[in-house]
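Okay, structure first, notes after.
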Amino acid sequence: MSNYYEVLGVSRDASAEEIKRAYRKKARQLHPDVAGPGHEEEFKEVSTAYEVLSDADKRQMYDLGGEDALRGGGFGGGFAGADFGDLGGIFQSFFGGAAGTRGPASRARRGQDSLVAVEVELSDVAFGATRTIPVDTYATCTTCGGSCCAPGTEPVTCSQCNGTGTIQRMTRTLLGQVMTASPCPGCQGYGTVIVTPCKDCSGEGRRHVRQDLEVSIPAGVSTGTRIRMSGRGEAGPAGGPHGDLYLEIHEKPHEFLERDGDDLYTELRVPMTAAALGASFTLQTLDGDRQVTVRAGSQPGDEVVLDGLGVGRLRRKGRGDLHVSIVVETPTRLDDKQRQLLAELARLRGEDDVAPAKDEGVMGKLKERFSGR
C-alpha cells in the first residue's frame, strides 16, 4: 500500500499549492516523453496520489482510513482499478498540451448577441403589442449556406498537417527532449484550407443584412426592461449558431397620463359649481371614453379610482387602476349678474362678511405699495 504523501515527497500537512508543485516536479521527471519507457507505473502512482491529495474531500477520507477508506467511500471503487490510459490529459493541463492532440478546430462559431432599443407607446405596455422593427445584423450567406466556399467547391485537407490542425515538434530542453504541439500555420488549426472562398460573403459564411423583425412586447414592461429572444441575434461565422437578441424597452411619455408601476394617473378639471353640486364627465382613457362621476362637495385633490384601467401586470393576470385627481377651477372673470349671484350665495351661507377683493388697477397697486399698506 503506497503512502501518497511519500510518493509526492510532501509532508502530511502540506498545502494544496505545495502538493501541486510537487506533482509538477514529479510528473516532469517521470513523463514518458522525458524519462523514456519503463516509468509508466511510477507515473501512474504519482498521478493517483495527486488525484487524491488535490481533492479536499478525498484527502480527508484518505487521512482517516487510507486507500481502504477511498475504496469504500463512494468514489467508484477506489483508484486501484482506475484507468490512467489518458495520462496525456493530466500532463497537458500543466505543460501546454505536449502530450496529446485535440484535433482540428472548427471554423463555425456562435454569433454575437445583439442589443436593440425599441421605443413603445404607453398603450403598447398597457395591453402588449406586436411590433415590426428594422435590425442590422449578420445572416447566414444564402449563396454558400455557411460553408464559406464558392458553390461547387469544398475545403481541401491541409498538406502541412494532414488535416490534424497541429504541428508537432521535438524540442530539446533542460528536462530533455519534449514533444510540443502548436496550431498549423498553413490552415490556422482548422485542418482544411478554403481554396475558393465564396465571393458574396468573402469566405466568412455570413453577410451583413438589414431585416425587419417581428417582436412581441408583453404587457407590463417598462423603460429599461430587456427582452431576450433566443437565437435571433447574429449568425455565427461558417454556419455557426445564432446569438441572442435583446430588446431594451424605452417608453414614450404620454400626453395626459402618467405611469407609476401598474397604475396610471391623470387630472380631471371641473368647474367650481360642478364640484359643489356634483356632476358626470366624460374622460378619455386608454380603453376609450369613460364616465367619471364627481360627487357633490368634491374638494381639490380628491381622487376617483377607475379599477382595471391601468397597465397590464408583467407575467401576472389583471391590470392596475386609473387614478383621477379632481382639479377644481375657480372662475377668474365674472360679469355683474354672476357676481351678484355669488354674493347672494355667500349671504345665504353666512359668508357675506368676507370683503370681496377690489381690482384697483395699476395705479391702485402702486399707491398701496408706496403708502405701506
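The values are calculated or read from the model by the stated rules, or taken from the named source; none is laboratory data. Keep in mind that what you see is a predicted model, and the values were worked out from it rather than measured. Note that each Cβ is placed from the backbone with ideal geometry, even for glycine, and that neighbours are counted across all protein chains shown. Heavy atoms of the whole protein, side chains included, go into the accessibility calculation; ligands, DNA and RNA do not. Shrake-Rupley method; radii C 1.70, N 1.55, O 1.52, S 1.80 Å.
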For region 242-259, check the following and say yes or no: at least one residue is in the same structural domain as Asp212 (by the TED database), farther than 30 Å from Lys317 by Cβ and in contact with a Gly (Cβ under 6 Å, 6 or more places away or on another chain). yes
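Can you tell me which residue within region 252-262, out of those that are part of a loop (DSSP other than H, G, I, E, B) and out of contact with any Asp or Glu (no Cβ under 9 Å at 6 or more places or on another chain), is nearest to Arg290 (Cα to Cα)?
First, pick out the residues of region 252-262 that are part of a loop (DSSP other than H, G, I, E, B): 252-257, 261-262.
Keeping just the survivors that are out of contact with any Asp or Glu (no Cβ under 9 Å at 6 or more places or on another chain) gives 253, 255, 257, 261.
Details: Pro253: 22, Glu255: 17, Leu257: 14, Gly261: 22 Å.
For region 252-262, the residue satisfying everything is Leu257.
Can you tell me which residue within region 163-212, out of those that are among the hydrophobic types (A, V, I, L, M, F, W, C) and under 30 Å from Leu245 (Cα atoms), is most open to solvent (accessible area, probe 1.4 Å)? I'd like the intermediate steps shown before the answer.
Here is the first cut: in region 163-212, the ones among the hydrophobic types (A, V, I, L, M, F, W, C) are 167, 170, 174-175, 178-179, 181, 184, 187, 193-195, 198, 201, 209.
Subsequent filtering for residues that are under 30 Å from Leu245 (Cα atoms) retains 198, 201, 209.
Numbers: Cys198: 3, Cys201: 9, Val209: 42 Å².
Top of the filtered list is Val209.
Considering Arg28, Arg21, Arg71, which residue is modelled with pLDDT of 80 or more and not β-branched (Val, Ile, Thr)? Don't jump to the end; show me each part of the working.
On the way: Arg28 fails: modelled with pLDDT of 80 or more; Arg71 fails: modelled with pLDDT of 80 or more.
The conditions single out Arg21.
Could you pull out the residue among Thr225, Thr282, Thr293 that is in the same structural domain as Ala126 (by the TED database) and touching a strand residue (DSSP E or B) at 6+ places or on another chain (Cβ under 7 Å)? It would help to see each step written out before you state the result.
Details: Thr282 fails: in the same structural domain as Ala126 (by the TED database); Thr293 fails: in the same structural domain as Ala126 (by the TED database).
Criteria check complete, one pass: Thr225.
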Per the filter on region 183-224, residues over 35 Å from the mean Cα position of the chain (by Cα) and among the polar types (S, T, N, Q) are Thr192, Thr196
Considering each residue of region 213-249, count those that are surrounded by 15 or more Cβ atoms within 10 Å (Cβ to Cβ) and in contact with a His (Cβ under 9 Å, 6 or more places away or on another chain), and give that number. 5
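Quick grid of which residues meet (1) charged (D, E, K, R); (2) assigned to a loop (DSSP other than H, G, I, E, B); (3) closer than 30 Å to Glu248 by Cβ; (4) without any contact (Cβ under 8 Å) to a residue 60 or more places away in the chain:
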{"residue": "Arg169", "(1), (2), (3), (4)": "yes, no, no, yes"}
{"residue": "Met179", "(1), (2), (3), (4)": "no, no, no, no"}
{"residue": "Gly189", "(1), (2), (3), (4)": "no, yes, no, no"}
{"residue": "Glu204", "(1), (2), (3), (4)": "yes, yes, yes, no"}
{"residue": "Arg210", "(1), (2), (3), (4)": "yes, no, yes, no"}
{"residue": "Gly220", "(1), (2), (3), (4)": "no, yes, yes, no"}
{"residue": "Gly224", "(1), (2), (3), (4)": "no, yes, yes, yes"}
{"residue": "Arg228", "(1), (2), (3), (4)": "yes, no, yes, yes"}
{"residue": "Gly231", "(1), (2), (3), (4)": "no, yes, yes, yes"}
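Conditions (1) in a strand (DSSP E or B); (2) in contact (Cβ under 8 Å) with a residue 24 or more places away in the chain; (3) farther than 30 Å from Arg206 by Cα, marked per residue:
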{"residue": "His242", "(1), (2), (3)": "no, yes, no"}
{"residue": "His250", "(1), (2), (3)": "yes, yes, yes"}
{"residue": "Leu264", "(1), (2), (3)": "yes, yes, yes"}
{"residue": "Gln284", "(1), (2), (3)": "yes, yes, yes"}
{"residue": "Gly297", "(1), (2), (3)": "no, no, yes"}
{"residue": "Pro300", "(1), (2), (3)": "no, yes, yes"}
{"residue": "Val304", "(1), (2), (3)": "yes, yes, yes"}
{"residue": "His323", "(1), (2), (3)": "yes, yes, yes"}
Restricting to region 253-295, and then to whatever is more than 17 Å from Thr330 (Cβ to Cβ) and of a type in the set (A, V, I, L, M), can you tell me which residue is most open to solvent (accessible area, probe 1.4 Å)? Leu286
Going by the conditions given, is Tyr50 open to solvent by less than 30 Å² (accessible area, probe 1.4 Å) and modelled with pLDDT of 55 or more? no
